[in-house]
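Chemist: The structure under discussion is supplied below as structure tokens; questions concerning it will follow.
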Amino acid sequence: MNRCDDNPGPMSTDAPLSERALRFDREQARSLRALAYRMLGSRAEAEDIVQEAWLRWAEVDEATVRHEGAYLSRLVTNLCLDKLGSAAARREHYVGVWLPEPLLDDEAQGAWAPNPEAQAEFAQDVSIAFMLALQRLSPLERAAFVLHEVFELDFDDVARRLQRSPAACRQLASRARLHVKTDYARREVEDEERERLFNAFSDAVRNFDVDALARLLSEDAVMLSDGGGKVSAVPRALRGAALVARAFIGFARMPGSRAWRLRPARINGLPGCLVVDGDTGALVQTVALAPAVDAPGRIGAVYIQRNPDKLRGVVQALARGA
């Protein structure tokens, strides 16, 4: 897990704004982005939250703050809680299936992982299944769970951030843990397995082989596709190996899809691919493949992100060479 340090430190002295900005970017921004992304499931909103936190921090007299990291993580948590209030209302009107914005694993080496040692943990803690489990929690449950379970803060520290009693925060985290345990089973994925699953998946899709894809999927496999009402997508979850295989290959056979090319990628810690239009080079969708928990060697879930708004960050990352 990622340690979010909250030990009291020495009193700070005011520094020039440019120096503070560099220190913020070097020492705080990654952890704050990681926290905000887990809370919101949106990379764009996480970036906005961190930018807002910097603007507010720039106005604060450092001499009044005992520990910069604790102050900023509390600020970001509160900004996320405010955002979640309005996001809940928006989610009620979201068209079709909602999935978090995809995050390429290569980016874990850049602006998102709190530190190099945390990259493997970061990939696990932003897996799509885990993010979906977090989204089913209330905002306060999510905050208590993320701060305690992911960032390893004790409940006194969590209480200070959420302005609740330690006992209340313990109860929030305990309730959240039960929900997450029900919805999400953590499973490590070795590089060899990632490669094998992707190769088998891409071979089946390239050959339009429904039977081969069905054999690769677990019997209770699920497919979720997020178009956000902006582009066509399956409006509900599809369940069962045969149904998922027929649907996916059916889409691949469509005339507009035949020019698509599959580029392997690791998405939110999962094996998968970027689907690119071979004629224009435009990113069409991301596909993340979650290995089945109870059926070793098979795929348990297929997560397809098609919403162009949610793909924008991946397009920008690719342009930067991530």
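Chemist: Within the set of pairs 6 or more residues apart or between chains, which connect a residue that is more than 15 Å from ALA58 (Cα to Cα) and outside the structural domain of LEU137 (by TED's automatic domain parsing) inside region 24-43 to a residue that is surrounded by 24 or more Cβ atoms within 10 Å (Cβ to Cβ) and among the basic types (Lys, Arg) with Cβ atoms less than 6 Å apart?
Modeler: Nothing qualifies.
Chemist: Would you confirm, using the coordinates I've provided, whether VAL276 is of a type in the set (A, V, I, L, M, F, W, C), touching a Leu at 6+ places or on another chain (Cβ under 9 Å) and surrounded by 15 or more Cβ atoms within 10 Å (Cβ to Cβ)?
Modeler: yes
Chemist: Still on this structure, I have one more. Being over 26 Å from ARG38 (Cα atoms) and either assigned to a loop (DSSP other than H, G, I, E, B) or not aliphatic (A, V, I, L, M) (or both) is the filter here; which residues of region 264-293 pass it?
Modeler: Listed by number, the residues that qualify are ASP277, GLY278, ASP279, THR280, GLY281, ALA282.
Chemist: Here is a further query. Scan region 147-166 and give yes if some residue there is touching a helix residue (DSSP H, G or I) at 6+ places or on another chain (Cβ under 7 Å), of a type in the set (Lys, Arg) and free of Cβ contacts under 8 Å to residues at least 60 places away in the same chain, otherwise no.
Modeler: No, the conditions are met nowhere in region 147-166.
Chemist: Would you pick out the residues in region 13-24 that are over 25 Å from the mean Cα position of the chain (by Cα) and either part of a helix (DSSP H, G or I) or β-branched (Val, Ile, Thr) (or both)?
Modeler: THR13, LEU17, SER18, GLU19, ARG20, ALA21, LEU22, ARG23
Chemist: Let me ask another. Can you list residue pairs whose Cβ atoms sit under 8 Å apart, with the first residue in region 228-250 being β-branched (Val, Ile, Thr) and the second being in a helix (DSSP H, G or I)? Count only pairs 6 or more apart in sequence or on different chains.
Modeler: Close Cβ pairs (under 8 Å, with a partner that is in a helix (DSSP H, G or I)) amount to VAL231/PRO308; VAL234/ALA247; VAL244/LEU213; VAL244/ALA214; ILE249/ALA204; ILE249/VAL205; ILE249/VAL210; ILE249/LEU213.
Chemist: I want to confirm something. Restricting to region 25-67 and keeping residues that are within 14 Å of LEU81 (Cα to Cα) and surrounded by fewer than 17 Cβ atoms within 10 Å (Cβ to Cβ), which single residue is farthest from the chain's Cα centre (by Cα)?
Modeler: Top of the filtered list is GLU52.
Chemist: Does any residue in region 268-287 that is under 17 Å from PHE130 (Cβ atoms) come within less than 7 Å, Cβ to Cβ, of a residue that is buried (at least 21 other Cβ atoms within 10 Å of the Cβ) and hydroxyl-bearing (Ser, Thr, Tyr) six or more places away or on a different chain, and which pairs are these?
Modeler: Going by the 7 Å Cβ cut-off, the qualifying pairs are ASN268/SER127; GLY269/SER127; LEU270/SER127; GLY272/THR286.
Chemist: Being touching a Gly at 6+ places or on another chain (Cβ under 6 Å) and small (Gly, Ala, Ser) is the filter here; which residues of region 228-264 pass it?
Modeler: Those that are touching a Gly at 6+ places or on another chain (Cβ under 6 Å) and small (Gly, Ala, Ser): ALA233, ALA259.
Chemist: Can I ask one more? Select from region 290-303 the residues that are of a type in the set (A, V, I, L, M) and surrounded by fewer than 23 Cβ atoms within 10 Å (Cβ to Cβ) and write down the one among them that is farthest from ARG215 (Cα to Cα).
Modeler: The selected residue is VAL293.
Chemist: Give me the pairs: first residue in region 44-64 and closer than 12 Å to ARG33 by Cα and touching a residue at least 40 places away in the same chain (Cβ under 8 Å), second residue assigned to a helix (DSSP H, G or I) and among the acidic types (Asp, Glu), beta-carbon distance under 9 Å, and six or more apart or on different chains, which are they?
Modeler: Filtered contacts from region 44-64: ALA44/ASP309.
Chemist: Hey, does region 142-165 have a residue that's under 27 Å from PRO100 (Cα atoms), surrounded by fewer than 18 Cβ atoms within 10 Å (Cβ to Cβ) and of a type in the set (S, T, N, Q)?
Modeler: No.
Chemist: Let me ask something else about it. Run PHE198 past the list (1) aromatic (Phe, Trp, Tyr); (2) out of contact with any helix residue (DSSP H, G or I) (no Cβ under 9 Å at 6 or more places or on another chain); (3) not assigned by TED's automatic domain parsing to the domain that holds ASP309 and report the number of the one that doesn't hold.
Modeler: For PHE198, the failing item is (3).
Chemist: Quickly run through region 144-170 and pick out the residues that are at pLDDT below 85 and in a helix (DSSP H, G or I).
Modeler: The one that is at pLDDT below 85 and in a helix (DSSP H, G or I): VAL150.
Chemist: Among the residues of region 250-258, is any basic (Lys, Arg), over 22 Å from the mean Cα position of the chain (by Cα) and not in a strand (DSSP E or B)?
Modeler: Yes.
Chemist: When you go through ALA212, ALA173, ALA245 one by one, which is the residue that is assigned to a helix (DSSP H, G or I), in the same structural domain as PRO139 (by TED's automatic domain parsing) and touching a helix residue (DSSP H, G or I) at 6+ places or on another chain (Cβ under 8 Å)?
Modeler: One residue alone meets the criteria, ALA173.
The values are calculated or read from the model by the stated rules, or taken from the named source; none is laboratory data. Small disclaimer: the values here were computed from a predicted structure and weren't measured. Here the Cβ is made from the backbone with ideal geometry for all residues, glycine too, and neighbour counts use every protein chain on show.
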